[in-house]
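Since every read-out is calculated from the coordinates, none of them should be taken as a lab result. If you're wondering where the values come from, they're calculated on a predicted model, not measured in any experiment. Heads up, the Cβs are rebuilt from the backbone with ideal geometry, glycines too, and the neighbour counts pull from every protein chain shown.
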Amino acid sequence: MKKGVVMMKVSLIVAIDKNRVIGKNNDLPWSIPNDWEYVMETIKNYPLIMGRKTLESLGGALSGRRNIVLTQDKNVSFENCEMVHSIESALKLCKNEKNVFIFGGEYIYKMALPYVDKMYITKIHHEFDGDTFFPEVNFDEWKEVSVEKGLKNRDNPYDYYFHVYERKSS
């Protein structure tokens, strides 16, 4: 590696249920505030790559970071967002960043997975009704580097675990 060259890491962050559900009707089918705090802390200061529907479900760009929106619609734009039309274009925009996070939804995760070095997956031990799913992952290609049980209480009513995986070297 050349001195002074930034080697960008591509990470993804997602919460999934037992059946890989990640959403329903462009929203989360659960409420786990402790997971949202974990997500916000993990992605702090890093650029996010997300689809248009994910941005809309958030109600707009998340402050304090670059918001890169991948959409096929070349006529749409959103305040405080950089618009791109391919995963390669999105990654190219971030080439000088230390880390970038893939932030959903289903189609974006599927397109980005071959580029991902690290996955932050909150696994919720519950089944929800959903219409949006995380793609199937061959976990033989990944090494689990940490797992931590999330806090379960009245506000966070499900059993869930924070898993971190790194892609194995080939």
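So here's what we get for this one:
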{"quantity": "Cβ-derived FRET efficiency at R0 30 Å, Asp140 paired with Arg65, nearest 0.05", "calculated": "0.40"}
{"quantity": "Other-chain or far-sequence residues with amide H under 5 Å of Ile13's (modelled H)", "calculated": "Ile102, Tyr120"}
{"quantity": "In Hz, Karplus ³J(HN,Hα) per residue of the range 143-158 (6.51, -1.76, 1.60; θ = phi - 60°; x = Gly, Pro)", "calculated": "10, 6, 9, 6, 8, 9, 6, x, 5, 10, 7, 4, 7, 10, x, 10"}
{"quantity": "In nm, spacing of pseudo-spin labels at Asp155 and Tyr107 (7 Å Cα→C-beta vector)", "calculated": "3.6"}
{"quantity": "Table column - 3J(HN,Hα) (Hz), the range 77-90, Karplus curve with 6.51, -1.76, 1.60, x for Gly and Pro", "calculated": "8, 10, 4, 6, 10, 9, 9, 9, 10, 8, 5, 5, 5, 4"}
{"quantity": "Cα-projected label distance for Ser77 with Glu127, points at 7 Å along beta-carbon direction, nm", "calculated": "4.7"}
{"quantity": "In Hz, Karplus ³J(HN,Hα) per residue of the range 21-32 (6.51, -1.76, 1.60; θ = phi - 60°; x = Gly, Pro)", "calculated": "5, 10, x, 8, 6, 6, 8, 7, x, 9, 10, 9"}
{"quantity": "Beta bridge orientation in the range 9-167: antiparallel %, DSSP, nearest 5", "calculated": "45"}
{"quantity": "Within a Gaussian network of the chain (alpha carbon springs, distance under 10 Å), most fluctuating of Asn99, Asn75, Asn67", "calculated": "Asn75"}
